[in-house]
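A.B. asks: Sending over a structure as structure tokens; questions will come in a sec.
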Number of protein chains: 2
Amino acid sequence: MLSRYLPVLNWAKTYDGSTFSADAVAAVIVTVMLIPQSLAYALLAGLPPEVGLYASIAPLVIYTIFGTSMTLAVGPVAVASLMTASAIGEFAAVGSAEYLGAAIALAFLSGLILAAMGLMRLGFLSNFLSHPVISGFITASAFLIAFGQMKHILGVEVHGHTLLEQVGSLTQSASDTNLRTLAIGIAAIAFLVWARRSLSGLLVRMGLANDRAGAFAKAAPVVAIIVTTLAVWALKMDAQGVAVVGDIPRGLPRPSLPAFDPELWLSLLMPAFAIGLIGYVETISVAQTLAAKRRERIDPDQELIALGTANVGSAVSGGFPVTGGFSRSVVNFDAGARTPAAGAMTAMGIALATLFLTPLIFLLPKATLAATIIVAVLSLVEMKTLRTTWAYSKSDFAAMMGTILGTLALGVETGVAIGVLASLLLFLARTAKPHVAVVGRVPGTEHYRNVLRHKVETSPGVLSLRVDESLYFPNARHLEDTVNDAISADPEIKHVVLMCPAVNFIDTSALESLDQINHRLLDSGVKLHLSEVKGPVMDRLEKTEFLKHLSGRVFLSQYEADCKLRPS
Amino acid sequence: MLSRYLPVLNWAKTYDGSTFSADAVAAVIVTVMLIPQSLAYALLAGLPPEVGLYASIAPLVIYTIFGTSMTLAVGPVAVASLMTASAIGEFAAVGSAEYLGAAIALAFLSGLILAAMGLMRLGFLSNFLSHPVISGFITASAFLIAFGQMKHILGVEVHGHTLLEQVGSLTQSASDTNLRTLAIGIAAIAFLVWARRSLSGLLVRMGLANDRAGAFAKAAPVVAIIVTTLAVWALKMDAQGVAVVGDIPRGLPRPSLPAFDPELWLSLLMPAFAIGLIGYVETISVAQTLAAKRRERIDPDQELIALGTANVGSAVSGGFPVTGGFSRSVVNFDAGARTPAAGAMTAMGIALATLFLTPLIFLLPKATLAATIIVAVLSLVEMKTLRTTWAYSKSDFAAMMGTILGTLALGVETGVAIGVLASLLLFLARTAKPHVAVVGRVPGTEHYRNVLRHKVETSPGVLSLRVDESLYFPNARHLEDTVNDAISADPEIKHVVLMCPAVNFIDTSALESLDQINHRLLDSGVKLHLSEVKGPVMDRLEKTEFLKHLSGRVFLSQYEADCKLRPS
């Protein structure tokens, strides 16, 4: 029981020296990768750079204790940072103390919500974010994020709340572009794109193992940071209008609870829920993918608790919302991490960087961080998914396009809400008119298939219908219509058999409809039978009056029904 | 094509003398029953009595032309009248010209919405009103209606908008009770309850045929009206505080379009939709029940058009929202009506009554009409359904109680909205964690059943899972969890077979999950197979990359999969 809520107890007992050295190597590599990411995503969220570092310390230690994935790495990620900026931008000006306070409160609330959901085992709620909605949302967010960084690449100011206003503002101020800043930004983007495409292959040709090469290549942003920082220093570009990170307070944050502000907290509740849920979906999907590679087990409800407490920890230590990141977890995995202890060691690495490295990045140009963000998020754009979704399902495509357009035009939360609503409504519309097939026997077998698709034999006077859906309120009356139509079309019918292998449950409405069908058929001299009713469905039916009133019988198999009812 | 939208063309060509006399007899009986009902439901809607008569003329003629049921009788009904009063009470004072105008506009809008839905074949939308929600709503409405008539029985004034305020107001004014009014009310209720219980039996013992006796017994309200009107006249009770119907304008309404008031119409849109949809559900359910008795066919989408045009007709002729009534349709059926022509003849009967009988009901006491309403609606209360629903499904019971309490406490529209939302959410929560069974072969057969429920044989290294639900976004990741858990629990597994007889469709999210499962299993050295995939599902899968990447095979039957994969 205790080890269910504290998974650390499971793996800590067998922790040994060889596991430690594997974890330590992974931790060094992830630390190097995480420093620029933490700084960049803080910039994206509109927060001071050190907040990104704080959010990469306590959450990792807490996940080590509560997490069930052996390799997941939590911390600031792009989409959650965008959502943070969007949620708190309404309440405070970027750079103000209120803005930082709101970001901290957001992480705190988001964490409490996730942890509470985990304790109540409500993880399944995240499933209502369907793949097309998530994918559409992330694609749209990536565009928003990349566009939002253009101001740092050009070195100009951009105003306005909606995307349209910002595009207008950027076009106007483009003439003020700082050419040095632009040069740094373009060079950094070009280098990072090249590194992403070709560096890993180069390292392999230089003799590195495949997985290590991949992990090292992910450290390219560090190289970009060092080179551009040195360039700014050597050419004194900070005095020529190139925006730099500037002074970062040294030392670690002192833990403190966020100030309680009922009005603000109430307004942040929905954004906190949205950020938490979307972050959780990403987390669980990364964790499952990596766990499967080693046949490890993830507990989705415990992951809610782990991600929740990690966010609370982030808030208490002055950080902003965190999530399990895809690329950093893959790097952690490829670099050979074996337990969440690697995360705790990464946290130590970030803490050391916060203590001793911050003076060195005073001259780090913001354009380099913006370049890191742009290159990172553009890999999130899934244009291919649009095409494959269109080919596979028009209604999923509609939900996806609704999410993309909603997110771009109306903002991130509205976009997600539109997507979720659209996918629910489209599903319900689909399920309302289930596929019903008239079936007959495939000659020489005991198999029954659709008369329209196969050459089959039917018995005169017996109508066998296979309903390809659970019977519940959206389709209950449709079944009544179908049966009514069928028997009014053929006055010879004496028996109707509903074949139920695909009926997984029958709700009260459908039970009422079956009862109606039974009585109506009886009124017109036809008997109603059921066949192949599943165990759990039968258990329930046996509690009702329906079986007593049923004019016909319940047959174990359609073949048995056909044999007994066929006129001899 | 023409006869699809004008069903009258189908039956009119074979119309003959014997059909005419059958229809005429039924029309006389229904007319006698409909006069008091029309007056009473106008009173319930807070409208002048003649409006009830108007609503029983044009709609019946229109339904004769557009309706597909041979026996349905449309007109004012209790629940729609309550909803009318509730919807327009916000905009105008009872008795004002604006109030009547709003009622007419409501019927007009409701009719347009229904007709438009019929043309767009959106009848399935009505299915989202599940049986428990409808039943809970009608039970709660019946209480509201019966309570609302208490003021007429006591002869007092009642103020207040919410149920609680009205209860308080009634308690305060109970001391002003007019004893003569109360005496009439109680006597009428007692007589009507007796008639409902015993009159039909008495008539049968007096030699009447069963169905005719039932139809005649339904005319008891007419007897109550005649007797109490005579009593008021003989004892001059109208001068002693007994409220009577009073002067009713003679003559038929002149057709006119309702005045266009954009603001009012916009506010009435939702109520009009709700009244239309609930009326439609009642209509279609009565029509189906009666049609089945004679193997006749109902076209649900054409019924929307018929009910819609009937409501437009009601509005144009000065009436209020109408619906297919349950008891009057049964009387029409029992009295032998064969075609909708009976409805047109009933309309003629009501028109004659409007022209010549109205002076005779000047002294009709309102308490008698209130008694008719109370006795009629109390038969709508379904306490038994509460019990059976509780026994069959706790979540359906929750939706039902939500509707009842919502309707009583917050009003009719809010009540319905709560019920629909609750039933959707409860359904989605249920479907999110589908039943997944590990299956094995029933010895000596080719049948595969749940290993936990049956004594079955399984093959070592082969895990066969039967998923009892369509695979779509709310449960897609649950399947990933289930498969991950299963293979991490048993390192011996080499093959996973998903048996899919109950999988009726696979959406993009679930396809993505299957792809993930396939890759994750491959990573851990396990092959994924499918068996018993349905035709339509397979058609879709063949359009995707999934089958190319599938590490295993798609087997026609689970038996075939087991034979091929079993280690020999």
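A.B. asks: So residue A:98 clears everything in (1) more than 26 Å from residue A:214 (Cα to Cα); (2) outside any helix (DSSP H, G or I); (3) more than 14 Å from chain B (Cβ to nearest Cβ) except one condition, right? Which one?
C.D. replies: Condition (2) is where residue A:98 drops out.
A.B. asks: Count, please, the residues in region B:217-238 that happen to be in a helix (DSSP H, G or I) and surrounded by fewer than 19 Cβ atoms within 10 Å (Cβ to Cβ).
C.D. replies: Number of matching residues: 10.
A.B. asks: Within region B:120-138, take every residue that is more than 9 Å from every other protein chain (Cβ to nearest Cβ) and outside any helix (DSSP H, G or I) and give me the one that is modelled with the highest pLDDT.
C.D. replies: B:120
A.B. asks: Could you list all residues from region A:540-568 that are more than 11 Å from chain B (Cβ to nearest Cβ) and of a type in the set (Lys, Arg)?
C.D. replies: Matches in region A:540-568: A:548, A:553, A:564, A:566.
A.B. asks: Scanning region A:540-568 for residues that are in a loop (DSSP other than H, G, I, E, B) and in contact with a His (Cβ under 9 Å, 6 or more places away or on another chain), which turns out surrounded by the most Cβ atoms within 10 Å (Cβ to Cβ)?
C.D. replies: Going through the qualifying residues, I end up with A:552.
A.B. asks: While we're here: Can you pull out every residue in region B:411-441 that is surrounded by fewer than 21 Cβ atoms within 10 Å (Cβ to Cβ) and polar (S, T, N, Q)?
C.D. replies: B:414
A.B. asks: Right, something else. If we keep just the residues of region A:201-216 that are part of a helix (DSSP H, G or I) and at pLDDT below 85, which is surrounded by the fewest Cβ atoms within 10 Å (Cβ to Cβ)?
C.D. replies: Per the criteria, the residue is A:210.
A.B. asks: Then there's this: Got at least one residue in region B:401-408 being among the hydroxyl-bearing types (Ser, Thr, Tyr) and away from chain A (no Cβ under 14 Å)?
C.D. replies: Yes, because at least one residue in region B:401-408 is among the hydroxyl-bearing types (Ser, Thr, Tyr) and away from chain A (no Cβ under 14 Å).
A.B. asks: Pairs needed: first member in region B:269-286, away from chain A (no Cβ under 14 Å) and closer than 14 Å to residue B:306 by Cα; second member anywhere, outside any helix (DSSP H, G or I) and not polar (S, T, N, Q); C-beta distance under 7 Å; at least 6 residues apart or different chains.
C.D. replies: B:279/B:321
A.B. asks: For residue A:537, are the conditions met, namely being more than 7 Å from chain B (Cβ to nearest Cβ), touching a Phe, Trp or Tyr at 6+ places or on another chain (Cβ under 9 Å), part of a loop (DSSP other than H, G, I, E, B) and aliphatic (A, V, I, L, M)?
C.D. replies: no
A.B. asks: I've got another one for you. For region B:104-117, does any single residue satisfy the condition of being within 14 Å of chain A (Cβ to nearest Cβ) and part of a helix (DSSP H, G or I)?
C.D. replies: For region B:104-117, residues within 14 Å of chain A (Cβ to nearest Cβ) and part of a helix (DSSP H, G or I): present.
A.B. asks: May I ask you to list pairs of residues, at least six apart or on different chains, whose Cβ atoms are under 9 Å apart, with the first in region B:244-264 being under 18 Å from residue B:50 (Cα atoms) and the second being exposed (fewer than 15 other Cβ atoms within 10 Å of the Cβ) and not aliphatic (A, V, I, L, M)?
C.D. replies: Note: pairs meeting the criteria are B:247/B:359; B:248/B:359; B:250/B:356; B:250/B:359.
A.B. asks: Okay, next question. State which residue pairs qualify: first residue within 17 Å of residue A:77 (Cα to Cα) and basic (Lys, Arg) and inside region A:296-320, second residue modelled with pLDDT of 95 or more and not in a loop (DSSP other than H, G, I, E, B) in any location, beta carbons under 8 Å apart, and separation of 6 or more residues or different chains.
C.D. replies: none
A.B. asks: From the list B:453, B:520, which one is at the interface with chain A (Cβ under 7 Å from one of its Cβ atoms) and in a loop (DSSP other than H, G, I, E, B)?
C.D. replies: Result: B:453 is the single residue among B:453, B:520 that is at the interface with chain A (Cβ under 7 Å from one of its Cβ atoms) and in a loop (DSSP other than H, G, I, E, B).
A.B. asks: Yes or no: region A:358-377 includes at least one residue that is at pLDDT 90 or above, buried (at least 20 other Cβ atoms within 10 Å of the Cβ), over 17 Å from residue A:81 (Cα atoms) and among the small types (Gly, Ala, Ser).
C.D. replies: yes
A.B. asks: Checking residue A:298 against (1) surrounded by 23 or more Cβ atoms within 10 Å (Cβ to Cβ); (2) more than 14 Å from chain B (Cβ to nearest Cβ); (3) of a type in the set (Val, Ile, Thr); (4) not in a helix (DSSP H, G or I), only one condition comes out false. Which one?
C.D. replies: (2)
Table: residues versus (1) closer than 21 Å to residue B:283 by Cβ; (2) modelled with pLDDT under 95.
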position: B:23; (1), (2): yes, yes
position: B:27; (1), (2): yes, yes
position: B:30; (1), (2): yes, yes
position: B:37; (1), (2): yes, yes
position: B:62; (1), (2): yes, no
position: B:78; (1), (2): yes, yes
position: B:93; (1), (2): no, yes
position: B:106; (1), (2): yes, no
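A.B. asks: Right, something else. Only one of these conditions is not met by residue A:183: (1) surrounded by fewer than 18 Cβ atoms within 10 Å (Cβ to Cβ); (2) at pLDDT below 90; (3) in a helix (DSSP H, G or I); (4) of a type in the set (Gly, Ala, Ser). Which number is it?
C.D. replies: (2)
A.B. asks: Can we say residue A:511 is at the interface with another protein chain (Cβ under 7 Å from one of its Cβ atoms), outside any strand (DSSP E or B), at pLDDT 85 or above and within 49 Å of the chain's Cα centre (by Cα)?
C.D. replies: So residue A:511 passes the test.
A.B. asks: Can you name every residue in region A:270-295 that is in a loop (DSSP other than H, G, I, E, B) and touching a helix residue (DSSP H, G or I) at 6+ places or on another chain (Cβ under 7 Å)?
C.D. replies: A:295
A.B. asks: Output the residue which, of all residues in region B:456-488 that are at the interface with chain A (Cβ under 8 Å from one of its Cβ atoms) and of a type in the set (Gly, Ala, Ser), is nearest to residue A:292 (Cα to Cα).
C.D. replies: If we take residues in region B:456-488 being at the interface with chain A (Cβ under 8 Å from one of its Cβ atoms) and of a type in the set (Gly, Ala, Ser), then B:488 is nearest to residue A:292 (Cα to Cα).
A.B. asks: Answer yes or no as to whether residue A:51 is surrounded by 18 or more Cβ atoms within 10 Å (Cβ to Cβ) and more than 20 Å from residue A:357 (Cα to Cα).
C.D. replies: So residue A:51 does not fit the description; no.
A.B. asks: Additional query: Of the conditions (1) away from chain B (no Cβ under 14 Å); (2) within 30 Å of residue A:365 (Cα to Cα), residue A:263 fails just one. Which one is it?
C.D. replies: Among (1) away from chain B (no Cβ under 14 Å); (2) within 30 Å of residue A:365 (Cα to Cα), residue A:263 violates only (2).
A.B. asks: Yes or no: region B:423-445 includes at least one residue that is within 11 Å of chain A (Cβ to nearest Cβ), farther than 30 Å from residue B:493 by Cβ and small (Gly, Ala, Ser).
C.D. replies: Scanning region B:423-445 turns up at least one residue that is within 11 Å of chain A (Cβ to nearest Cβ), farther than 30 Å from residue B:493 by Cβ and small (Gly, Ala, Ser).
The values are calculated or read from the model by the stated rules, or taken from the named source; none is laboratory data. All figures in this text were calculated on a predicted structure; none of them were measured in a lab. Glycine gets a Cβ as well: all are built from the backbone with ideal geometry, and neighbour counts include every protein chain shown.
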